[in-house]
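Trainee: Here it is, the structure, as structure tokens.
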Amino acid sequence: MATIRLATFCILSLLWPAGVACAVDLVVVVNPGCSVMRLTRDDVINVYMGRLRKLPDGTPARPIDLLSSTGQEKQLFYQRLLSRDLAEVRAYWARLTFSGQASPPVQADSTEEVLTLVQRNPGGIGYVERSRADARVRVVFELGDK
């Protein structure tokens, strides 16, 4: 019986980080001075993939991305938004950058930096955990915790 409990505990311990990763509720935020109240999934995809350079209100879009090394939010963001992993996103941006068609989003070192950059730029757009979104930003799209 003790062996079964130990085995169950070991299996659950291995699965726990994956369960926590899935429970992260991500939202897309903009500068509160921006007149955009909601964005569609297509809007967010197009801004983050360099296809849309202005927000729906005409403000030049300034997407802010997290560095891959800052945690799992970036991987979750692209997985939930595009159903793609980071290697595919990097390859996409490498092609666009090499051809001179577009530049990737600004890279931020932390969620705090994302919030600060969005607050300071009228067209700032970023993604954060819902619990981190504060009065400096406005939520315009919800990625949830799929």
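Since every read-out is calculated from the coordinates, none of them should be taken as a lab result. Quick caveat: nothing in here was measured; it's all calculated off a predicted structure. Note that each Cβ is placed from the backbone with ideal geometry, even for glycine, and that neighbours are counted across all protein chains shown.
Trainee: Using the Karplus curve 6.51 cos²θ - 1.76 cosθ + 1.60 with θ = phi - 60°, work out ³J(HN,Hα) for each residue of the stretch 45-58 in order, rounded to whole Hz, and write x for Gly and Pro.
Mentor: Rounded to whole hertz, the list is 4, 5, 5, 6, 9, x, 8, 10, 9, 10, 6, x, 8, x.
Trainee: Under 5 Å between amide hydrogens, which residues at least 5 positions from D65 or on another chain qualify, with H placed 1.01 Å from N in the peptide plane?
Mentor: V106, Q107, A108
Trainee: Which of the peptides 116-129, 54-67 is most tightly packed, and how do the rest follow, going by the mean number of other Cβ atoms within 10 Å of each residue?
Mentor: My ranking of the peptides, most packed first, is 116-129, 54-67.
Trainee: In addition: Output ³J(HN,Hα) for the stretch 24-37: one whole-Hz value per residue in order, computed from phi by the Karplus curve 6.51 cos²θ - 1.76 cosθ + 1.60 with θ = phi - 60°, and x for Gly and Pro.
Mentor: In residue order, the calculated couplings are 6, 9, 9, 10, 9, 10, 10, 4, x, x, 6, 7, 6, 9 Hz.
Trainee: What residues qualify as long-range amide H neighbours of G124, i.e. H under 5 Å apart, gap of 5 or more or another chain, H built at 1.01 Å from N?
Mentor: Here the answer is N31, R62, since their amide H atoms fall under 5 Å of that of G124.
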